[in-house]
Amino acid sequence: MARRLTRHIVLIGMMGSGKTAIGGELARRLRVPFADSDAEIEAAAAMSISEIFARDGESFFRAREAQVLARLLAGRPGVISTGGGAWMQPANREAIAARGLSVWLNCDPETLWARVRQRPTRPLLQTPDPKGTLLRLLEERSPVYALAELQFQSRAGDSIEASTRRLIAALHVADPQLIEEKP
Ligand code: S3P
């Protein structure tokens with residue numbers, strides 16, 4: 001059965017909350033397009049996120065992020081995973097609200113830390129106290145993440161598949177018109 005989304009599903013939330021993993025699985029199950037804004041930025045720049053931060057700085061990265069997000073939102077509705085800071089920009093929140101359903105993948109701090117500490121790819125965590133930085137960002141950002149249309153708890157013990165099944169059920173409740181089945 002083919003499916004069509006009436007609007008994008010846009011995953012937001014902290015680094016390590018599972019946006020890319022759950023987003024990819026969600027798109028695969030629904031058979032709709034998937035895009036990860038960080039990966040799109042890296043492909044367009046032919047550089048890694050770390051290299052972009054190091055060479056051009058965070059504000060340059062944020063401008064590219066907004067452009068990429070606007071381009072993805074203008075395309076055929078699918079699942080979009082965003083970088084953890086994208087939702088912090090009011091213009092990005094407006095653009096997402098106009099064309100998509102925002103979902104905050106909320107996750108407890110220890111799980112976030114256990115996941116992000118394994119990979120040194122996040123430039124914002126290249127500080128003397130990366131765990132403290134992560135916890136501070138979580139505290140600052142949580143009230144803004146909470147503005148998302150749907151809040152979903154990403155649980156440490158759940159597999160990607162189990163989380164995705166639970167998310168699909170929550171999406172059906174949040175917007176019964178979101179997923180159209182086409183025979
Ligand atoms: C960032 C999160 C990263 C990436 C960049 C900045 C942030 O994406 O966009 O390093 O500000 O939280 P992930 O959330 O996919 O790690």
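The values are calculated or read from the model by the stated rules, or taken from the named source; none is laboratory data. Source: prediction; values computed, not measured. Note: ideal-geometry Cβ built from the backbone for every residue, glycine included; neighbour counts use all protein chains shown. Heavy atoms of the whole protein, side chains included, go into the accessibility calculation; ligands, DNA and RNA do not. Shrake-Rupley method; radii C 1.70, N 1.55, O 1.52, S 1.80 Å.
Points to keep in mind about this one:
- Exactly one residue out of Arg93, Arg55 is more than 22 Å from Leu135 (Cβ to Cβ) and touching a residue at least 12 places away in the same chain (Cβ under 8 Å): that is Arg93.
- Leu167 satisfies every condition listed in (1) aliphatic (A, V, I, L, M); (2) closer than 20 Å to Ala86 by Cα; (3) in contact (Cβ under 8 Å) with a residue 40 or more places away in the chain except (2).
- Screening the candidates Arg71, Arg76, Arg155, Arg119 for the property of being charged (D, E, K, R) and within 14 Å of the ligand (Cβ to nearest atom) yields one hit, Arg119.
- Only one of the listed residues (Gln153, Gln177) is out of contact with any His (no Cβ under 7 Å at 6 or more places or on another chain) and under 15 Å from Gly100 (Cα atoms). That residue is Gln177.
- In the stretch 14-27, the qualifying residues are those that are in contact with a Gly (Cβ under 7 Å, 6 or more places away or on another chain) and within 13 Å of Asp38 (Cβ to Cβ), and the one that is nearest to the ligand (Cβ to nearest atom) is Met15.
- For first residues located in the stretch 20-32 and acidic (Asp, Glu), partners that are modelled with pLDDT of 95 or more and surrounded by 17 or more Cβ atoms within 10 Å (Cβ to Cβ) and lie 6+ apart or on another chain with Cβ distances below 6 Å form the pairs Glu25/Thr164.
- Residue, nearest to Thr111 (Cα to Cα), within the stretch 149-161, restricted to residues that are open to solvent by 30 Å² or more (accessible area, probe 1.4 Å) and among the hydrophobic types (A, V, I, L, M, F, W, C): Ala156
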